[in-house]
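Right, one structure below, let's go through it.
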Amino acid sequence: MKGITRIVSGAGAAVAVAALLAACGSPAGTANGPEADIAFAQLMIPHHEQAIDMADQALQQATSPAVLALATQIKAAQDPEIAQMRGWLAAWDAPEQMDGADGMDHGDMDMGGMSAEGMMSEADMDSLTAASGPAFDRLWLQLMVAHHEGAIQMAEQVQVDSTDKDVTALAAAIIAGQTDEIARMRALLAE
């Protein structure tokens, strides 16, 4: 089995989006406070959507009852979190996507101190689709661990930058839930 790969978005796109965020008016050119909250929601929504896509794939292709249970749990947790973040963006009168980010691979893209870590590349998703049986289960677990690790990094960063108690509460819930799921996935991979 090939190692897990991650495609890094083009440097030009990352620089353009980072410059856009810096121009939004934060005093030191960093994403702090409300700007960080908006960036977090705009990055975490597609991150969660990809996790749900991966969970849906597992619900169709997984053979392991433990993988099926994890996929169900991930979907149940992340669907309402997406709705919550969409509600925030609407209340903040902010777009769901960052300007210029439409159609871009968000993997490892720096957003003024926050990035969409752990996003699977199109090649990763294609490999997952092509896998079957126990090989699918193993690859799904490996990819989902990396995906969750990225979400935890994003949540930890917004806890540093945000002053919004609802945002930091969601970040804490993401960290706790996904840390637990990572431990379960690693245990399954060790079997």
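The values are calculated or read from the model by the stated rules, or taken from the named source; none is laboratory data. Values in this document were obtained by computation on a predicted structure and should not be read as measured data. FYI the Cβ positions are ideal-geometry reconstructions off the backbone, even for glycines, and counts take in every protein chain you see.
Miscellaneous remarks
- The number of residues in the stretch 39-89 being outside any helix (DSSP H, G or I) and surrounded by 14 or more Cβ atoms within 10 Å (Cβ to Cβ) comes to 2.
- Selected residue (criterion: modelled with the highest pLDDT) from residues of the stretch 97-106 that are touching a helix residue (DSSP H, G or I) at 6+ places or on another chain (Cβ under 7 Å) and surrounded by fewer than 13 Cβ atoms within 10 Å (Cβ to Cβ): Asp99
- Scanning the stretch 157-173 for residues that are of a type outside the set (Gly, Ala, Ser), touching a residue at least 40 places away in the same chain (Cβ under 8 Å) and in a helix (DSSP H, G or I) yields a total of 6.
- Condition broken by Gly118, with the remaining ones in (1) at pLDDT 95 or above; (2) not in a helix (DSSP H, G or I) satisfied: (1)
- Meets criteria (under 16 Å from Glu35 (Cβ atoms) and at pLDDT 95 or above) for Thr179: no
- Checked against (1) assigned to a helix (DSSP H, G or I); (2) touching a helix residue (DSSP H, G or I) at 6+ places or on another chain (Cβ under 7 Å); (3) modelled with pLDDT under 95; (4) surrounded by fewer than 21 Cβ atoms within 10 Å (Cβ to Cβ), Ala123 passes all but condition (2).
- Test result for Val167, over 30 Å from Thr63 (Cβ atoms) and surrounded by 21 or more Cβ atoms within 10 Å (Cβ to Cβ): yes
- Residues that are closer than 12 Å to Met54 by Cα and without any contact (Cβ under 8 Å) to a residue 40 or more places away in the chain, drawn from the stretch 113-147: Asp126
- Every residue from the stretch 126-152 that is part of a helix (DSSP H, G or I) and either surrounded by fewer than 16 Cβ atoms within 10 Å (Cβ to Cβ) or among the hydroxyl-bearing types (Ser, Thr, Tyr) (or both): Asp126, Ser127, Thr129, Ala130, Gly133, Pro134, Ala135, Glu149
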